[in-house]
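Undergrad: Here's a structure for you.
Where a number appears in this text, it was derived from the coordinates with a stated rule and is not lab data. Keep in mind that this is a model prediction, so the values were computed, not measured. Cβ: placed from backbone, ideal geometry, glycine included. Neighbour counts: every protein chain shown.
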Amino acid sequence: MATAFQGVIEKGQIRWVGVAPPEGTLVVVVPQEPPSVDEQIKRLQAIPPAEWRKSFEAVLCAWDESEPAELEDQPLSDDELKTLIEQAREQVYAQRRR
């Protein structure tokens, strides 16, 4: 069963608005209104090279220090992922109609 939770992505992390999903919940992020390609390109071009490297170094460091997720070796199939995305979209559209 899919349930919708609202959040805002800040600095690469989700900040939940209101109720957060329970621990261990698989989460599929469906943006409400993705920015245009031009806007995304402008944002990326505005990032200084040192900031780019800093971000990748932080990810590599976190990766090295982390333990594998419980289900990491059991990724969702394309069909399972597609079903989750479709359910999430349906719920977002249903909430907008309210």
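Undergrad: How large is the Rg to Rh ratio of the chain when both quantities use alpha carbon positions and Rh follows Kirkwood? Display every interim value, and only then the final one.
TA: Numbers: Rg = 16.5 Å, Rh = 16.5 Å.
We get a ratio of 1.00 for the chain.
Undergrad: Given +1 on the Cβ of Lys and Arg, -1 on the Cβ of Asp and Glu, and no further charges, what dipole in debye does the chain carry about its Cα centre, rounded to the nearest 20?
TA: Working: 11 positive and 18 negative charges, 162 e Å.
For the chain, the charge dipole is close to 780 debye.
Undergrad: Would you please state which residues of segment 27-63 a label at Ile85 would reach in this model, taking the label point 7 Å out along Cα→Cβ and a backbone N cut-off of under 16 Å?
TA: 27-35
Undergrad: Give me the distance in nm between label points sitting 7 Å out from Cα along the Cα-to-Cβ direction at Lys54 and Lys11, one decimal.
TA: 1.0
Undergrad: Then there is this: Under a straight-distance cross-link criterion of Cα-Cα below 27 Å, which lysines are reachable from Lys82, leaving out those fewer than 8 residues away in the same chain?
TA: The qualifying lysines are Lys11.
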